[in-house]
Amino acid sequence: MAVVQTWLTDTRTSYDTVAASYADRLRDSIARSPSLRMTLGLFASLVRETGPVADVGCGTGHVTAHLNGLGLDAFGLDLSPGMIEVARQEHPGLRFAVASMTALPLPGASVAGLLSWWSLIHLPDDEAPAALAQFHRVLRPGAPVALGFHVGDVARLKTRGYGGHPMRVHVYRRRPAQVSEWLREAGFTVEAQWVEELDSEVPQAVVYARRPA
């Protein structure tokens with residue numbers, strides 16, 4: 001329990017510290033990235049039913065806002081109160097709440113889709129399956145989940161970021177095969193996966209899966 005509380009506390013405190021700088025840096029990131037718009041558009045097209053869509057680990061809400069612009073009833077959840085405060089300021093018409101992905105405050109089978117964009121990267125390996133089990137619990141049968149993450153086999157401790165502010169978070173790089181296996185073990189059917197920026201130092205991956213109908 002102490003280990004769990006340590007990484008949760010470190011992640012929350014770190015993102016509280018960098019929230020304003022994070023928002024400044026990522027505010028136009030979707031507009032600058034055709035591939036990001038493509039992947040988010042694909043996720044939106046996979047949501048078959050009308051209903052709420054959860055952006056888990058939403059940060060300052062720029063992805064949540066983009067999903068709403070694509071016609072989804074998206075709301076955001078994030079561990080950091082500082083991030084949620086900025087998200088509410090930047091997107092006052094949308095819904096945001098503080099929550100941990102390891103204990104989502106949502107009823108079972110209550111959301112029509114779930115996206116977790118580069119937020120699983122701070123979960124230790126032994127905590128990731130519990131988060132995916134939560135995702136499975138809250139998704140309706142037949143609903144999609146999309147996960148974005150850094151590709152690799154190592155973890156590093158990040159001590160500064162977003163303008164040089166102090167942080168203390170571990171950043172885990174994982175192989176798509178590992179993430180897909182965790183999804184299957186949580187009860188999902190994996191539908192697609194790909195890796196972007198193959199020639200970059202840290203490639204990015206996206207995996208799409210679905211809770212079986």
Search the structure for amide H atoms under 5 Å from the amide H of PHE96, placed 1.01 Å from N in the peptide plane, and list their residues when 5 or more places away or on another chain. GLY76
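Compute the Rg to Rh ratio over the range 32-94 from the alpha carbon atoms, using the Kirkwood formula for Rh, and round to two decimal places.
Values: Rg = 11.7 Å, Rh = 12.0 Å.
Taking Rg over the Kirkwood Rh, I get 0.97.
Given contacts defined as C-alpha pairs under 8 Å and at least six residues apart, what's the relative contact order of the range 102-152, whole-number percent? Walk me through the intermediate numbers first.
Details: 63 pairs, mean separation 28.9, N = 51.
Computed over the range 102-152, the figure is 57 percent.
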Just how large is the dipole of the range 1-211 about the Cα centre, in debye to the nearest 20, putting +1 at every Lys and Arg Cβ and -1 at every Asp and Glu Cβ? 180 debye
Of the residues TRP117, TRP182, TRP194, which exhibits the maximal mean-square fluctuation in a Gaussian network model of the chain defined by a 10 Å Cα contact cut-off? TRP194
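Give the whole-number value, in cubic angstrom per residue, of the convex hull volume spanned by the C-alpha atoms of the chain.
114 Å³
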Karplus (6.51, -1.76, 1.60) ³J(HN,Hα), θ = phi - 60°, over the range 6-17, in Hz, Gly and Pro reported as x: 5, 6, 5, 5, 4, 5, 4, 5, 4, 7, 4, 5
With a 1.4 Å probe and every protein chain kept in, tell me what percent of the accessible surface of the chain is carbon plus sulfur. 54 percent
Candidates SER200, SER45, SER180; GNM for the chain (alpha-carbon contacts under 10 Å) flags as most fluctuating SER200
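Before I look further, what does the range 1-211 give for accessible area per residue, probe 1.4 Å, in whole square angstrom? Let's see the in-between values first.
Working: 9440 Å² over 211 residues.
So the range 1-211 comes to 45 Å² accessible per residue, rounded to a whole number.
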Taking the chain and dividing mean pair separation by its residue count, relative contact order in percent (alpha carbons under 8 Å, at least six apart): 19 percent
The range 56-146 - charge dipole about Cα centre, Lys and Arg +1 at Cβ, Asp and Glu -1, debye rounded to 20: 320 debye
Per-bin percent of Cα-Cα distances, the range 29-140 [10 Å]: 15, 47, 35, 3
Over what distance in Å are the Cα centres of the range 7-48 and the range 156-213 separated? 13 Å
Which of GLY161, MET38, ALA87, positive extreme of dipole for the chain (C-beta unit charges): ALA87
Of the candidates GLY113, GLY61, GLY82, which one comes out as most mobile in a Gaussian network treatment of the chain with C-alpha springs shorter than 10 Å? GLY82
DSSP-defined antiparallel bridges as percent of all bridges, the chain, nearest 5: 55 percent
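The values are calculated or read from the model by the stated rules, or taken from the named source; none is laboratory data. Predicted, not measured: the structure shown is a model, and the values here were computed from it. Don't worry about glycine lacking a Cβ; one is built from the backbone with ideal geometry, like all the others, and counts go over all protein chains shown. Keep in mind that these areas ignore ligands, DNA and RNA; they rest on the heavy atoms of the full protein, side chains included. Shrake-Rupley method; radii C 1.70, N 1.55, O 1.52, S 1.80 Å.
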